[in-house]
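For reference, the structure is listed below as structure tokens.
Each reported figure results from applying straightforward, stated rules to the coordinates on display, with no laboratory input. Only a predicted model underlies this, so the values are computations on that prediction, with no experimental measurement involved. As a convention, Cβ positions derive from the backbone with ideal geometry for all residues, glycine included, and neighbour counts pool all protein chains shown.
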Amino acid sequence: MSQEPLVVTAFDRLRFIVIDDDRVLLQLVEAFLNAAAAGGVIPAVSCFTALNLLADKTKKIDCIICDHSMPAMTGLALLQEIRGGKHPNIPREIPFIMLTSSGQEEVVRAAVALDAHGYIRKPVSKDILVKAIHRAFNRQLNLKKPEDYLSYPLPAEP
């Protein structure tokens with residue numbers, strides 16, 4: 001764990017997209033972000049909905065907070081596509097925080113390999129979320145080549 005102090009991120013200028021198929025958790029995370037004075041929060045109940053929102057050039061998104069275990073497309077699959085450059089309107093280096101109930105080693109390992117900026121285990125608290133966001137905006141990514149991300153084998157869904 002780094003001992004360097006975190007540079008405090010000004011939340012009021014940041015717009016977040018929160019992706020989770022659990023609407024209660026989605027509302028909870030949205031409430032935490034609003035309580036932390038976020039500049040904007042856009043909820044999405046699936047990765048496909050999020051991709052449409054992220055691709056909209058009129059919506060500026062600064063950070064993605066995403067559940068892993070979701071139907072149709074997992075959070076890791078979304079992260080892999082973004083880091084792999086499959087969506088030209090979405091910056092490959094956008095801060096991405098995985099928020100999941102999964103502590104499975106292969107899911108954590110994949111999140112690290114795909115350069116997630118943070119990994120939060122549910123249940124989440126406002127303090128844990130805020131600290132993860134500060135860490136994400138303090139982390140400098142050295143992106144790999146798109147094919148390195150796209151070729152990483154994702155863990156099977158349980």
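Divide by every residue of the chain the summed helix terms, -39500 (n - 2.57) for each DSSP H run of at least 4, and state the resulting mean residue ellipticity at 222 nm, rounded to the nearest 500 deg cm²/dmol.
Value at 222 nm, helices only, nearest 500: -10500 deg cm²/dmol.
Let me check I've understood the local charge: for residue 89, count other residues with C-beta under 13 angstrom from its C-beta, Lys and Arg +1, Asp and Glu -1. What total comes out?
Charge balance near residue 89 sits at +3.
Starting from the Cα of residue 147, step 7 Å along the direction of its Cβ; do the same at residue 125; then give the gap between the two resulting points in nm.
Taking the two extended label points, one gets 4.7 nm.
Which entry in [x] 19.2, 75; [y] 14.5, 39; [z] 14.4, 43 matches Rg and Dmax of the Cα atoms in Å derived from the coordinates of this structure?
Recomputing Rg and Dmax of the Cα atoms in Å here gives the entry labelled [y].
Once you charge only the Cβ atoms, +1 for Lys and Arg and -1 for Asp and Glu, what is the size of the charge dipole of the chain about its Cα centre, to the nearest 20 debye?
400 debye
Let me check against my output: what whole-number percent is the relative contact order of the chain, with C-alpha pairs under 8 Å and at least 6 apart?
The normalised contact order for the chain reaches 22 percent.
Would you kindly state how much longer the chain becomes between residue 140 and residue 56 on full extension, computed as 0.36 nm times their sequence separation minus their alpha carbon distance, in nm to one decimal?
Separation in residues times 0.36 nm, less the Cα-Cα distance, equals 27.7 nm.
Of 60/86; 59/145; 59/122, which ones are farther than 23 Å apart at the Cα?
Violating the 23 Å Cα-Cα cut-off are 59/145; 59/122.
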